[in-house]
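**Q** One structure, pasted below without further comment.
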Amino acid sequence: MLELVAVRHRYDGRVVLDIERFAVAPGSGVAIVGPNGSGKSTLLRLLALLERPSEGEVRLDGVVVGSAKAPRAGARRRITLVEQRPLLLRGTVRENLEFGLQVRGIRRTEVNRKVENIAARLEIASLLHRRRHELSDGEVQRVAVARALAVEPDVLLLDEPASSADRAAAQTLYRALAEERARRPLAVCLASHQLEDAYRWADDVRALAEGRLSPVTPENLFRVELPSGGGDLKHVCVGTIEIAAATDKTGPAILAVPPTDIFVSREPLASSARNVFTGRVTRLTHQRPGAVLVTADVGVELVAVVTEEAARDLGLTPGGPVVFSFKASAVRVF
């Protein structure tokens with residue numbers, strides 16, 4: 001179990017992460033989502049023991065391995081972080097994959113076997129002879145993930161590992177992660193902007209906003225500036241639409257609209273909802289048995305959840321018309 005406990009982390013005196021507890025259990029798949037600047041990368045760097053928390057502790061199997069003091073010796077060998085823009089060592093792709101195995105004293109025949117195996121699974125066998133300048137950004141990401149998997153860490157931390165990959169390459173990466181988790185109790189914690197991918201592969205999806213774990217699901221999170229005045233009903237521009245929210249707060253904030261609080265229809269309906277937006281369905285995703293995530297462009301991307309029966313009855317299809325409605329009181333502000 002890798003976890004953050006009572007962590008408050010600061011940059012230049014400003015709190016950027018405030019987490020009472022965040023745990024990654026053995027064998028689990030955890031996805032972290034949230035807007036840019038929400039603290040996802042910082043959280044991963046703390047878990048990887050690359051930074052020391054200003055306050056609190058990083059624990060591995062109940063033992064404190066990171067705090068304001070130096071990390072506990074040996075813990076880093078069990079945790080590997082692949083950052084969004086990973087650096088490769090000089091040399092070929094093969095030499096990059098071999099390096100971590102060689103420093104662990106693994107025999108040459110076993111090194112060769114592991115390299116060939118992981119290269120095949122990540123579909124980078126044809127790249128083994130190439131060097132960094134001969135690779136695309138997406139290929140560099142896959143090589144970095146392969147290099148991390150080759151040394152078989154207990155915990156693999158990934159920061160937007162498919163941000164530069166095309167759809168096929170991203171699916172290859174996620175399939176390799178699933179195979180590795182099925183083979184051994186590997187814990188994977190991944191930061192991603194792709195909600196559909198996060199839901200597809202992760203056991204647990206968690207949202208960050210302003211350095212704190214969000215109390216709502218990760219869809220429909222927007223960083224806004226709440227106007228002063230206007231009483232307890234604020235109208236805020238998000239994309240090309242204006243969202244009404246019931247709040248007395250002003251200044252910087254995060255708006256969150258729970259997908260379960262959005263009413264989905266084909267035509268505007270008579271209701272007391274102050275937020276009524278017409279748009280087009282862009283994606284339908286089966287989140288879990290009986291439930292469908294409906295993503296629509298209504299001037300900004302919003303996600304609602306309906307039953308499979310409702311999706312059929314409404315005739316929802318990608319490109320088809322849809323109306324999203326929700327009350328001002330449904331909008332969470334924090």
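Each reported figure results from applying straightforward, stated rules to the coordinates on display, with no laboratory input. This structure is a prediction, so every number in the text was calculated from the model and none was measured. Cβ coordinates were reconstructed from backbone atoms using ideal geometry, including for glycine residues, and neighbour counts include every protein chain displayed.
**Q** Given a Förster radius of 22 Å and the C-beta distance between R283 and C237 as r, what FRET efficiency does 1/(1 + (r/R0)^6) yield to the nearest 0.05?
**A** Between R283 and C237 the formula returns 0.35.
**Q** Is it possible to state the helix-based mean residue ellipticity at 222 nm for the chain, with each DSSP H run of 4+ residues giving -39500 (n - 2.57), the sum divided by total residues, to the nearest 500 deg cm²/dmol? What is it? Each step should come with its number before you reach the end.
**A** On the way: 7 runs with 78 residues, N = 334.
Using -39500 (n - 2.57) per qualifying helix, the result is -7000 deg cm²/dmol.
**Q** Would you work out the relative contact order for region 125-274, in percent, from Cα pairs under 8 angstrom that are 6 or more residues apart? Mind dumping the intermediate values first?
**A** Values: 148 pairs, mean separation 22.6, N = 150.
Relative contact order of region 125-274: 15 percent.
**Q** Dipole magnitude of region 73-209 about its Cα centre, charges +1 at Lys/Arg Cβ and -1 at Asp/Glu Cβ only, in debye to the nearest 20?
**A** 640
**Q** GNM, the chain, Cα, under 10 Å: largest mean-square fluctuation among A146, A187, A273?
**A** Residue with maximal mean-square fluctuation among A146, A187, A273: A273.
**Q** Taking the radius of gyration and the Kirkwood hydrodynamic radius from Cα positions alone, what is the Rg/Rh ratio for region 2-213, to two decimal places?
**A** 0.96
**Q** From the Cα trace of region 230-334, what convex hull volume per residue do you get, rounded to a whole Å³?
**A** Numbers: hull volume 10.3 nm³, N = 105.
Each residue corresponds to 98 Å³ of Cα convex hull volume.
**Q** A further question follows. Kindly express, to the nearest 10 degrees and within the range 0 to 90, the angle between helix 108-121's C-alpha long axis and the longest C-alpha principal axis of the chain.
**A** Roughly 20 degrees, rounded to the nearest 10.
**Q** Based on the alpha carbons, how large is the Rg to Rh ratio for region 54-128 when Rh follows Kirkwood?
**A** That ratio equals 1.09.
**Q** Apply 1/(1 + (r/R0)^6) to the Cβ-Cβ distance of D137 and T307, taking R0 = 30 Å, and write down the FRET efficiency to the nearest 0.05.
**A** Working: r = 40 Å, r/R0 = 1.33.
Working from the Cβ atoms, E equals 0.15.
**Q** Now for a different question. If the viscosity is 1.567 mPa s and the temperature 4 °C, what translational diffusion coefficient in µm²/s does Stokes-Einstein give for region 72-189 when Rh comes from Kirkwood over Cα pairs?
**A** Rounded, D is 91 µm²/s.
**Q** Further question: Taking every alpha carbon pair in region 1-71, what does the distance histogram look like in 5 angstrom bins from 0, in percent?
**A** The distribution over region 1-71 is 4, 17, 30, 27, 16, 6, 1, 0, given as percents.
**Q** Treat every Asp and Glu Cβ in region 258-307 as -1 and every Lys and Arg Cβ as +1, leave all other atoms uncharged, and give the resulting dipole magnitude about the Cα centre to the nearest 20 debye.
**A** With Lys and Arg at +1 and Asp and Glu at -1, about 80 debye.
**Q** Over all directions, the average projected area of the alpha-carbon convex hull for region 31-96 comes to how many nm²?
**A** Projected area, direction-averaged: 6.3 nm².
**Q** Modelling each spin label as a point 7 Å along the Cα-to-Cβ direction, I'd like the D204/A291 distance in nm, to one decimal.
**A** Computed distance between label sites D204 and A291 equals 1.7 nm.
**Q** Please report the spacing between the Cα centers of region 112-157 and region 1-44 in Å, no decimals.
**A** Using only Cα atoms, the two centres lie 27 Å from each other.
**Q** Among T109, L128, G62, whose Cα lies farthest out toward the positive end of the dipole of region 30-161, if unit charges sit on the beta carbon of Lys, Arg (+1) and Asp, Glu (-1)?
**A** Farthest along the dipole direction, towards plus: T109.
**Q** Sum up the lysine pairs in the chain that clear both bars: alpha-carbon distance under 27 Å and a spacing of 8 or more or different chains.
**A** The result is 5.
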